[in-house]
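One structure below.
The values are calculated or read from the model by the stated rules, or taken from the named source; none is laboratory data. A quick note: this is a predicted structure, and the numbers were derived from the prediction, not measured. Here the Cβ positions follow ideal geometry from the backbone for every residue, glycine too, while neighbour counts run over all protein chains shown. Remember, those area values only see protein heavy atoms, side chains included, never the ligands or the DNA or RNA. Shrake-Rupley method; radii C 1.70, N 1.55, O 1.52, S 1.80 Å.
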Amino acid sequence: MAQYRIVSGSVAVISIQNPPVNALSAAVREGLLLSVRAAASDPLVRSVVISGHNGPFCGGADIKEFGNVSHLESGPHLVEIFESVEALAKPVVAAIEGFALGGGLELALACHYRFGHSEARVGLPEVSLGLLPGAGGSQRLPRLLGVRAALDMIVTGRHVAAGEALKLGLLDRLTDGNTVDAAVRFAQSVEGKPLDDRRLGNRPCPPLENIDAFFEEALIHARGQARGAAAPLACVQAVRGAATLPFLKGMELEKRLMETLMTSGQAQASRYCFFTERGAARWTTPTGARWDTCRARPISTAAVIGLGTMGRGITVALARAGLSVVAVETQEHQLDQAQRAVSRMLKGRGGVSYSADLQAAAGADLVVEAVFEDMAVKEEIFKQLSSVCKPGALLASNTSSLDIDRLASCTLRPEQVLGMHFFAPAHVMRLLEVVSGPRTSPQTVAAAMQLGRRMGKVSVAVGNCPGFVGNRMLKPYLEQAYFLLEEGASPELVDAALEEFGFPMGVFKMSDLSGLDIGWRVRKEEGLTGPGVSADQPMRSRRGRRYSPLGDLMCEEGRYGQKTGRGWYLYDRPGGRVARSDPWLRSFLEEYRARHGLLARRIDQQEVLERCLYALINEGFRVLEDGVAASPQNIDAIYVFGYGWPKHRGGPMFYAAQVGLARVLEGLEKYHKAHPDSPHLQPCSLLRRLVASGSPPIHKWSEVVKGHRSQL
Ligand code: T1G
């Protein structure tokens, strides 16, 4: 787990061995400490180089050990090991290739010198796991870089490329060659030199002006970074300790803060997110074969049909992944605009050609249709693509909810038809729902999943139903928010509750951003809106279930949201971003309630959260029951990476488990009793079965779902 060898007569090279990322497991920690002690006591050794075996230096502490106290307690602690490294009387040089992250960078900070490959990257991403650098990083980094630069790295958790790290003083030397060889030569060159000023633990933190004001500001900024998250605040406190306390006192503070975070529900949720992101890629077919064992068709060329906002983003995402892309738009003016927009987003990078003729898609390995969300228009395009495109070409639709199998029926190649549902902006948002219809082949899904990974997406394979998974679950969430307005809440109250929970944007601000008219168009297509409602269907019910026409009425007033400068909030101009309360809305809601005999009542934030989130979670159980998602973890990956669900809350299904399934069931029963005309509040039978079977942990839910038809 830590290889030890002597090279060039006097240099001990300690190589961390724990593929794939050389994580600091108990065995590695054991081996590392023994090797450091061996180097200290070996009279032949005059200097030491620490490296990572087979590429990466070290990906940090072994996350798989967290939450497993016996593992964490077994083997020496990182703090103890790093103290031994720093105290060594012989120079220790870190040879960093690939990455040095978390505890890996903290190890490098305990070394006296840091040598990096020019392609390497370093960082302290613990905050994204709901933690803080807990092995001296919060105390050593400020002493090396100064408080500002160190705080930025620790609170954001960002990876820093080697060039920047050199400029910051985080790395002492860079090399394009073999990092270990270069580090060995460097180690020899510093043998016998004094080490005291190389020991960061001995160094005072560089002074900072107006320290109280600085950290006050830093706390406000950290609070805004992830509402309700504890880790960013603890990071600020730890760095403040580095700036104001002696090293050992600062280390005690770091230890206390780390212990609090490590045992918190937020760290558990963030860790769960880390693994759900990676687990989603391990899609399995109904026969249990993993998609990455399916022979996936290689995709090197693509065509995008329709160059509106989504089509442009998809074009950029594909080009950035190295594909050559033909971007097709039949409307000339739209084509010109798109060409300029895409070139801007690609910053002049090539790989994209443009055409107004669908025929240009003939040679593509994959075609992504991204035209107007209208089934008739899409069906016509799939009919043409079926005859235009070469045999074997995959035909994907970016539709956000329409029936993939109906599109497949318009072609002679239904097994190569699928959905690739990108999220706006498509070149930024990480989620990709890969939608398979009943006739889509596993190879087709596998090809899309692999392409998604190449684009840096979190690809999740889902089944075919209205809204697939994400948008299907969003519907009851939005519906309950509208009902709460009818019952007395304001958009501000609802949004404040959801933003306090941790969403970057509440449901009404989100609607204003995406545009109220989008949902209005879908409801019109479904015959739900406005004057078309028949006499026996009063304004507030459709097909026997409660319906709120509030969104329709807002659209009839031309209040589409940011794009028209007015929606649930007021903006300073069309396209404005800053939401302000609109007095008009208050009287609009009062008149609406009076007209429909609705008596406004006081609604608290707890009810807002339960009504909106439990309705969404309940639909998630229905999605599992229908076999449209392969696991609760996949649902959570969809909501964290596509819908802004706060990572420190894990995802809707993880959150349900954390709240307690019995409590969610009880809440749904209470609200369904009060609102029997809202079937989304009626507890799903799978939830009942899980509670009846003792609310097993989330990774065991699939045993209760087993036997259900799977669409994957
Ligand atoms: N521990 C355990 N397993 C890890 C791991 C880690 N630190 N990092 C990755 N893996 C697994 C991962 O689950 C996957 O496994 C496989 O390695 C490949 O990962 C004391 C407390 C390093 C940039 O936050 O950012 O140090 O799914 O697909 O795309 O202060 O992994 O194949 O079974 O992501 O090449 C801090 C987390 C820990 C780094 C590589 N370190 N990892 O990306 O591969 S806390 C981190 C990453 C800490 C100290 C604190 C990335 C990567 P499987 P992958 P990749």
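Exactly one residue out of 95, 100 is within 11 Å of the ligand (Cβ to nearest atom) and assigned to a strand (DSSP E or B), and it is 100. Can you find a residue in region 153-174 that is within 11 Å of the ligand (Cβ to nearest atom), modelled with pLDDT of 95 or more, under 30 Å from the mean Cα position of the chain (by Cα) and buried (at least 20 other Cβ atoms within 10 Å of the Cβ)? Checked region 153-174: at least one residue is within 11 Å of the ligand (Cβ to nearest atom), modelled with pLDDT of 95 or more, under 30 Å from the mean Cα position of the chain (by Cα) and buried (at least 20 other Cβ atoms within 10 Å of the Cβ). Of 368, 388, 377, all but one fail to be open to solvent by less than 10 Å² (accessible area, probe 1.4 Å) and either touching a Leu at 6+ places or on another chain (Cβ under 7 Å) or within 23 Å of residue 518 (Cβ to Cβ) (or both); the exception is 368. Listed here are the helices (runs of 4 or more DSSP H) enclosed by region 176-287 that have at least 1 residues being in contact with a strand residue (DSSP E or B) (Cβ under 8 Å, 6 or more places away or on another chain): 179-189, 265-279.
Report, ordered by the first and then the second residue, all pairs with beta carbons closer than 6 Å, sequence separation of six or more or different chains, a first member in region 4-30 that is of a type in the set (Gly, Ala, Ser), and a second member that is assigned to a helix (DSSP H, G or I). Matching pairs, first to second residue: 8/184; 12/39; 26/71. Considering only residues in region 392-419 that are in contact (Cβ under 8 Å) with a residue 12 or more places away in the chain and open to solvent by 30 Å² or more (accessible area, probe 1.4 Å), the one that is farthest from the chain's Cα centre (by Cα) turns out to be 412. Entry remark, region 594-614: residues being touching a Leu at 6+ places or on another chain (Cβ under 6 Å) and open to solvent by 70 Å² or more (accessible area, probe 1.4 Å) number 0 in total.
Across region 110-125, the number of residues qualifying as under 30 Å from residue 67 (Cα atoms), open to solvent by 20 Å² or more (accessible area, probe 1.4 Å) and touching a residue at least 60 places away in the same chain (Cβ under 8 Å) comes to 1.
Okay, residues lined up against (1) closer than 24 Å to residue 705 by Cα; (2) at pLDDT below 95; (3) touching an Asp or Glu at 6+ places or on another chain (Cβ under 7 Å); (4) of a type in the set (Ser, Thr, Tyr):
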| site | (1), (2), (3), (4) |
| --- | --- |
| 640 | yes, no, no, no |
| 650 | yes, no, yes, no |
| 654 | yes, no, yes, no |
| 660 | yes, no, no, no |
| 663 | yes, no, no, no |
| 674 | no, no, no, no |
| 682 | yes, no, no, no |
| 686 | yes, no, yes, no |
| 690 | yes, no, no, no |
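Test residue 56 against the criterion of being in the same structural domain as residue 179 (by TED's automatic domain parsing), within 30 Å of residue 266 (Cβ to Cβ) and in contact with a Phe, Trp or Tyr (Cβ under 6 Å, 6 or more places away or on another chain), and give yes or no. For residue 56, the condition - in the same structural domain as residue 179 (by TED's automatic domain parsing), within 30 Å of residue 266 (Cβ to Cβ) and in contact with a Phe, Trp or Tyr (Cβ under 6 Å, 6 or more places away or on another chain) - is met. Looking only at residues in region 415-450 that are touching a helix residue (DSSP H, G or I) at 6+ places or on another chain (Cβ under 8 Å) and part of a helix (DSSP H, G or I), the one that is modelled with the lowest pLDDT is 442. Of all the criteria given as (1) assigned to a helix (DSSP H, G or I); (2) crowded, with 23+ Cβ neighbours inside 10 Å; (3) away from the ligand (no atom under 16 Å from the Cβ), the one not satisfied by residue 37 is (2). Between 7, 28, 79, the distinction of being of a type in the set (A, V, I, L, M, F, W, C), closer than 28 Å to residue 270 by Cβ and either open to solvent by 20 Å² or more (accessible area, probe 1.4 Å) or touching a Pro at 6+ places or on another chain (Cβ under 7 Å) (or both) belongs to 79 only. Among residues of region 48-57 being within 12 Å of the ligand (Cβ to nearest atom) and at negative phi, the one that is surrounded by the most Cβ atoms within 10 Å (Cβ to Cβ) is 57.
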